[in-house]
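Only one structure is covered here, and it is reproduced in the block below.
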There are 2 protein chains.
Amino acid sequence: MIDCDIHVNIGDLDEFVGYIDPAQRDWFRAQGPGLGMPGYDFTHPGGWFRADADPGRHLLPGSSLEAVQAQVLDTYDVAAGILNSDDTILASLMCNPYRGAALASAWNDWVSERWLDGDARLRATMVVAAQDPLAAAAEIRRVAADDRFVGVLLPGGSERPYGEPRYLPILQAAHECGLPLVVHTGGDGMGLAAPSGGAGKPSFYIEWHTLGSACSVMSHLVSLICHGSFDRFPGLRALFIEGGVAWLPGIMWRLDTNWRGLRDDVPWVRRLPSEVVRESVRFSTQPLEHTDGHDELLWEMLAAVGAPEILVFSSDYPHWDFDDPSFMLKRLPAAWREAVMHRNAAELFGARLGLVHV
Amino acid sequence: MIDCDIHVNIGDLDEFVGYIDPAQRDWFRAQGPGLGMPGYDFTHPGGWFRADADPGRHLLPGSSLEAVQAQVLDTYDVAAGILNSDDTILASLMCNPYRGAALASAWNDWVSERWLDGDARLRATMVVAAQDPLAAAAEIRRVAADDRFVGVLLPGGSERPYGEPRYLPILQAAHECGLPLVVHTGGDGMGLAAPSGGAGKPSFYIEWHTLGSACSVMSHLVSLICHGSFDRFPGLRALFIEGGVAWLPGIMWRLDTNWRGLRDDVPWVRRLPSEVVRESVRFSTQPLEHTDGHDELLWEMLAAVGAPEILVFSSDYPHWDFDDPSFMLKRLPAAWREAVMHRNAAELFGARLGLVHV
């Protein structure tokens, strides 16, 4: 089984700050645990994390390698677990691009030494600061030398959707290094990011969690397709994490229809958008929509847009809405299990996963 | 048949300006045809309108009563056609709230005299300037005295989603007058409105048409539910026009799931969100997603969230993506036709439609 979304957090702030460029270290230390990143307007009313993932000692859940091993890797016989930054994804949304870049670099070095060195089953996506695309591209090339980094992580929250030409250096570097773009919801509406949802900032966490994240993922998906990103960089792949999937048929039907009617708006898009998705885009399962007895309908909907091939499993450990792999195994159609739990991720991330049977 | 979305445009600017408050009339006249409203960042590459709806003589399509009669009312044997403002919906997004209010009032008086007086089959929604909710509420009470106005029109583009308490005076006035809220996509990302889509302004009309409008409708829907608007004003109804419908099951599954997990974020929401939708919310059909051979799946998806009862027919005349009622009749499941083409709208708008068999 491959888990495409395990979150890690900083446990020892002093240790982490030691990874930051010395010229900027004092500033970050002075910010405390928030490290100067933009704050969240919305937080879960009862806490972001699984209660049983709290390692105690005032540490953040997800900050203990032993807990990740015990609660994910060992329990579920995980062949490869991909670590994604939790809060430091917000480096892209800091007004000061140099702070953002320093924080991203520090996180990449820290996760490599403190996590990847600790368990051979672990891999990670790299954090980059998207507000300075040239610097982000340089960071991608630097970090890609460590072949345990398997993707370029970008937050759902953004100033503009990722198909925009300003982000081309990031796409180009990812493509050059054979790394997929990994767009994970988060930061939507925070810091530099546009308000989430598209009708102005919502009021509640429940709205933000229902829609803020889904709409930003939809928008990046449609943007990358409409800018022809996957034709511009043949072989480039994208993985969207935690934006949901049940909206996908509706949005793809609409985009396919519009592409037929509006091709002169984007003449460089030469293929039906839904074909591009089948070939180049993947979606993580968590949080797979609960359907109140309509799971058969959900599988039909997803099959209409390319499932099971477009889906990869993710648990979102240690967050409150963690999807248990053993529950997911039972829920998925039997014929989809191997593809969703293992094969599709192995194919997406390729040799960097280091799995024999890729 | 009831058509819930026929757009009318201003043909004779001088005549229209005559309906504006004399103290503001000169300013509006000086702005020319745009009437000082925010401009659109995205326009259809080949034009907004059906080519055959152009009345010539440099008039805008939708500005001729005769054309609306010939191309919609007579051709399709329309029992009631509901006129919605086209551009003046942007009154809500003008930085100057007094200009917005003056423009809205003028439009309401103009549509009453120049359109509703001209054909007994016509009804209209009223334009209000949402950036000044108290003034908008006063306008609702003023215009509602003319019982040919059947709803309160708000644009998809907004500063904040419409469940926000600042908009309570609008909801209260609509409720008091027995009028549904009619949220029509448009203005998303323009003027005062937040960027559409939730990941920053998109680049192309095709993105905006695919997602900008869908995301704002989703956000207003989720906002109204999460603020408990339909419980606060029992009997209040909302109609969402032109945001699509195929995303609805995915978003409602996600919202229902989140409501179960996050009720302490919105403790006043006492019913499952999807139940609230079935009871109080309706969606217009146009542009009903084309599914590349998956129409049976689409009907199943819509049935899972309450179709056919939640759907009302709209043509969107005279726009380029007009849905032909005779085509829609053939496409819809036979058992849904009467409900979608007539009954649901008759029930939603009630006595103000003036139809005998309501």
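The values are calculated or read from the model by the stated rules, or taken from the named source; none is laboratory data. What you see is a predicted model; the values in this text were computed from it and never measured. Cβ coordinates were reconstructed from backbone atoms using ideal geometry, including for glycine residues, and neighbour counts include every protein chain displayed. The protein model used for the area step is the full one, side chains on, heavy atoms only, and it has no ligands, DNA or RNA in it. Shrake-Rupley method; radii C 1.70, N 1.55, O 1.52, S 1.80 Å.
The charge dipole of the stretch B:1-55, taken about its Cα centre with unit charges on the Cβ atoms of Lys, Arg (+1), Asp and Glu (-1) only, comes to about 160 debye.
For residue B:154, the residues whose modelled amide H falls within less than 5 Å of its own, excluding neighbours fewer than 5 places apart on the same chain, are B:182, B:183, B:184. Shown for chain B: the carbon plus sulfur share of the solvent-accessible area, taken with all protein chains present and a 1.4 angstrom probe, equals 51%.
For the pair residue A:13 and residue A:292, label points projected 7 Å from Cα toward Cβ lie 4.4 nm apart.
Applying a 4.7 Å cutoff between beta carbons, the unpaired cysteines of the protein assembly as shown are A:4, A:95, A:177, A:226, B:4, B:95, B:177, B:226. Computed from protein heavy atoms with a 1.4 Å probe, the total accessible area buried between A and B is close to 5700 Å². Name the shape class, rounded, prolate or oblate, that the alpha-carbon gyration tensor gives for the stretch A:45-95, where a ≥ b ≥ c are the square roots of its eigenvalues, rounded holds for a/c under 1.5, and otherwise prolate holds if a/b is larger than b/c and oblate otherwise. It comes out oblate by the Cα gyration axes. Computed from phi, the 3J(HN,Hα) profile of the stretch A:165-171 under the Karplus parametrisation 6.51, -1.76, 1.60 (θ = phi - 60°) reads x, 4, 8, 3, x, 5, 4 Hz, with x in place of Gly and Pro. On a per residue basis, the protein assembly as shown carries 33 Å² of accessible surface, using protein heavy atoms and a 1.4 Å probe. Pairs of Cα atoms nearer than 8 Å and 6+ residues apart set the relative contact order; for chain A it is 18 percent.
Starting from the Cα gyration tensor of the stretch B:118-227, take the square roots of the eigenvalues, sort them a ≥ b ≥ c, and report rounded, prolate or oblate (rounded when a/c is under 1.5, otherwise prolate if a/b is larger than b/c, else oblate). Since a/c reaches 1.5 and a/b is larger than b/c, the shape of the stretch B:118-227 is classed as prolate. Rounded to the nearest Å, what's the spacing between the alpha carbon centres of the stretch B:204-253 and the stretch B:143-160? Just the number, please. Rounded to whole Å, the Cα centres lie 16 Å apart. Note: relative contact order over the stretch B:46-159, using C-alpha pairs below 8 Å and six or more positions apart, is 24 percent. Peptide B:184-195 shows a mean partner chain C-beta count of 2 within 10 Å per residue C-beta. Only one residue of B:136, B:233, B:190 has its Cα farthest out toward the positive end of the dipole of the stretch B:107-241, where Lys and Arg carry +1 and Asp and Glu -1 on Cβ, and that residue is B:233.
Backbone geometry of the stretch B:34-49 corresponds, through the Karplus equation with coefficients 6.51, -1.76 and 1.60 at θ = phi - 60°, to 3J(HN,Hα) couplings of x, 6, x, 6, x, x, 8, 6, 10, 9, 4, x, x, x, 6, 10 Hz, x marking Gly and Pro. A label point on residue B:51, set 7 Å along the Cα-to-Cβ line, lies at 6.6 nm from each of its counterparts in the other copies, closest listed first.
Averaged over the residues of A:285-296, the number of partner chain Cβ atoms lying within 10 Å of the residue Cβ comes to 4. Rg and Dmax of the stretch B:205-306, based on Cα coordinates, read 14.1, 42 Å. From the residues B:62, B:104, B:115, which one has its Cα farthest along the dipole of the stretch B:50-118 in the positive direction, the dipole being from +1 and -1 charges on Cβ of Lys/Arg and Asp/Glu about the Cα centre? Of the listed residues, the answer is B:104. Entry note, chain A: the mean residue ellipticity at 222 nm calculated from DSSP H runs of n ≥ 4, each adding -39500 (n - 2.57), is -9500 deg cm²/dmol after division by the residues and rounding to the nearest 500.
Placing a label point 7 Å from Cα along the Cα-to-Cβ axis, residue A:270 is separated from the same position in the other copies by 6.1 nm, shortest listed first. Dipole magnitude for chain B: about 960 debye, using +1 per Lys or Arg Cβ and -1 per Asp or Glu Cβ, origin at the Cα centre. What fraction of the Cα pairs in the protein assembly as shown, stated in percent, has a spacing above 48 angstrom? Here the tail beyond 48 Å accounts for 18 percent of pairs. Working note: Karplus 6.51/-1.76/1.60 with θ = phi - 60° gives the stretch A:217-227 the couplings 5, 3, 5, 5, 4, 5, 5, 4, 5, 5, 7 Hz, where Gly and Pro are set to x.
The share of C-alpha pairs in chain B whose separation exceeds 34 Å stands at 19 percent. Once you divide the Cα radius of gyration of the stretch B:120-160 by 2.2 N^0.38 Å, the number left is 1.24.
Is the stretch A:43-159 rounded, prolate or oblate when judged by the Cα gyration tensor, a ≥ b ≥ c being the square roots of its eigenvalues, rounded requiring a/c under 1.5 and prolate requiring a/b larger than b/c? Oblate is the answer for the stretch A:43-159, as a/c is 1.5 or above yet b/c matches or exceeds a/b.
Taking a straight line from the alpha carbon of residue B:201, these lysines sit under 22 Å away, with near neighbours fewer than eight places off in the same chain left out: A:201. Here the relative contact order of the stretch A:1-72, from alpha carbon pairs under 8 Å that lie six or more residues apart, stands at 37 percent. Per residue of A:258-267, other chain Cβ atoms within 10 Å of the residue Cβ number 6 on average. Taken about its Cα centre, the protein assembly as shown carries a charge dipole of roughly 360 debye when the Cβ of each Lys and Arg holds +1 and the Cβ of each Asp and Glu holds -1.
Take residue A:74, move 7 Å from Cα toward the beta carbon, and the resulting point lies 8.2 nm from the same point in each other copy, nearest first.
Ordering B:32-38, A:90-96 by mean Cβ neighbour count within 10 Å, with the highest value first, yields A:90-96, B:32-38. Close amide H partners of residue B:282, meaning residues 5 or more places away or on another chain with modelled amide H under 5 Å apart, are B:238, B:239, B:240.
For residue A:263 and residue B:119, the FRET efficiency from 1/(1 + (r/R0)^6), where r spans their Cβ atoms and R0 equals 60 Å, is about 0.95.
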